[in-house]
Each structure stands twice: as C-alpha cells, then as structure tokens.
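All remarks here apply to the structure that follows.
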Amino acid sequence: MSKKITIAIDGYSSTGKSTVAKQLAAELGYVYVDTGAMYRAVTLYLMRKMIVTDTNFEEEAILRQLPFINISFVFNKELGYGEVHLNNENVEKEIRLMEVSQQVSKVAAVPDVRKMLVKIQQEIGKNKAVVMDGRDIGTVVFPDADLKLFMTASTEKRAERRYDELKGRGDEVKYEDVLANVKERDYLDTTREDSPLVKAEDAIEIDNSDMNLEEQFEKVLKLAKDKIEE
C-alpha cells in the first residue's frame with residue numbers, strides 16, 4: 001500500500017487552487033478541504049447579521065458570534081467532493097457571490113477567526129491523505145506538509161478567469177470590478193499581520209498564467225506521485 005501524504009496548496013486568489021486540489025484529491029482518493037470556503041462561510045454569516053458590510057466592520061461583535069458558527073463539509077456523491085455547510089445549511093453557491101468576495105479578506109485577517117478555522121483544518125488533516133488549499137496551509141496549518149505547492153498567475157489572467165466564472169454562473173459583473181477585487185484581495189492577503197500570504201521556503205511555485213487545466217493537473221499529479229513514491 002502506498003504511503004499517505006499531506007498536500008498543501010497555497011497561492012493568490014483565482015489561481016485555480018480549488019480546481020486542481022479537487023482533481024488531485026479525486027485522483028488519489030484523498031480528502032479535499034477548501035479552506036477558502038470556510039472563511040467565506042464565516043463571512044456570509046457575519047454579513048447576514050449585518051456585522052460586516054461595505055460600511056461596517058465590528059470586530060468585537062465578530063468575536064462574540066464565533067461560538068455560534070459551525071462550519072462543516074458534507075460529501076456530495078454527484079460532485080465528488082464535500083460542500084461547505086454553515087450551521088447545517090448548504091451555502092456552497094451563496095459563498096461564491098461577488099458580495100462575499102469583497103468582504104472575505106477582511107474577515108480572514110481577524111486573528112480569532114483564523115485560530116478557530118485553523119484548529120478545524122488541522123483536525124481534519126491529522127491522519128494525512130488530504131489535499132488542502134488556501135492561503136496559509138503550508139506555512140501555518142501544516143508547516144510539515146509532505147508536498148507544498150504555491151499557485152500564481154498574472155493579475156489580469158486571474159481577473160479574466162474569475163470574471164468568466166461569475167458570468168458563466170449568470171452573475172451581473174463588470175471585468176473592471178473583478179480586477180479591482182483581485183488586486184484588493186492580493187493587498188489584504190499579503191499585508192495582514194496574522195498569517196499573511198507568503199510562499200513557504202520549501203514550496204514549489206507553479207505559474208499557471210499560460211497553462212490550461214489539463215496541463216496544470218498533469219504537472220501537479222506528477223509532483224504528488226513522485227512524493228508518494230519517495
């Protein structure tokens with residue numbers, strides 16, 4: 001029986017981390033965890049409570065609400081991966097809305113939010129055989145991960161992908177707004193005090209600006225298989 005490893009995939013927003021992580025987990029028979037979805041679910045909860053809006057951000061109120069937030073993943077056989085549930089409600093679609101994207105980096109910068117979700121993530125991955133993607137998996141959640149990847153692409157290419165994704169879902173968005181959101185999230189993710197987005201020293205960087213999904217998957221799968229066979 002081949003050994004089980006922990007695979008950490010970090011990188012900038014809209015670099016296709018979740019897509020390749022899902023593919024990899026399915027191919028290897030591993031558990032897939034989208035940590036970004038967890039932060040989005042917390043953000044959605046706080047937005048519904050009007051604690052986080054375009055004009056309001058109450059950190060003390062956020063801390064008071066954390067005990068009432070339950071994040072879980074429920075496996076969907078048709079999709080082949082777990083969908084995120086917020087207090088037993090499937091919010092997989094709602095958390096992908098542009099409105100949530102505009103607030104999530106601010107919420108993710110709150111230390112107590114990160115502490116709560118990192119604890120959950122570490123518990124899920126304690127037995128290895130997991131592919132986890134996010135911003136601080138290889139640096140904070142699993143600093144000893146067997147394989148660390150860092151995904152990047154040009155800002156414009158990432159904005160194009162995100163725009164196409166949103167339009168494909170039927171969302172009414174402008175490319176300029178998506179590009180501005182990508183730039184803002186990059187700034188917030190890389191400059192926050194607690195667990196900023198950085199490439200782990202032992203991570204393998206993959207610039208997929210000029211890769212299609214198949215090329216990206218083949219590259220990542222080879223890296224994973226090589227590590228498993230070491």
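The values are calculated or read from the model by the stated rules, or taken from the named source; none is laboratory data. Since the model is a prediction, treat every value here as computed from it, not as a measurement. Note: ideal-geometry Cβ built from the backbone for every residue, glycine included; neighbour counts use all protein chains shown. Just so you know, the surface numbers come from the protein's heavy atoms only, side chains and all, with ligands and any DNA or RNA stripped out. Shrake-Rupley method; radii C 1.70, N 1.55, O 1.52, S 1.80 Å.
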Among the candidates Ala21, Ala41, Ala25, Ala8, residue that is surrounded by 20 or more Cβ atoms within 10 Å (Cβ to Cβ), in contact with a strand residue (DSSP E or B) (Cβ under 6 Å, 6 or more places away or on another chain) and farther than 19 Å from Met151 by Cβ:
Ala41
Wholly enclosed helices (runs of 4 or more DSSP H) of segment 131-230 bearing at least 2 residues over 24 Å from Gly80 (Cβ atoms) and among the hydrophobic types (A, V, I, L, M, F, W, C):
175-191
Of all the residues that make up segment 44-76, how many are open to solvent by 10 Å² or more (accessible area, probe 1.4 Å), more than 17 Å from the chain's Cα centre (by Cα), of a type outside the set (Phe, Trp, Tyr) and within 26 Å of Ile124 (Cα to Cα)?
8
Got a number for residues in segment 122-149 being of a type in the set (Gly, Ala, Ser) and at pLDDT 95 or above?
2
Of the criteria (1) modelled with pLDDT under 95; (2) more than 23 Å from Lys219 (Cβ to Cβ), which one Glu176 fails:
(1)
Among Val130, Val107, which is the only one that is within 18 Å of Ser13 (Cβ to Cβ), crowded, with 19+ Cβ neighbours inside 10 Å, touching a residue at least 40 places away in the same chain (Cβ under 8 Å) and not basic (Lys, Arg)?
Val107
Among (1) touching a helix residue (DSSP H, G or I) at 6+ places or on another chain (Cβ under 8 Å); (2) within 18 Å of Lys126 (Cα to Cα) - the single one Gly80 does not satisfy
(2)
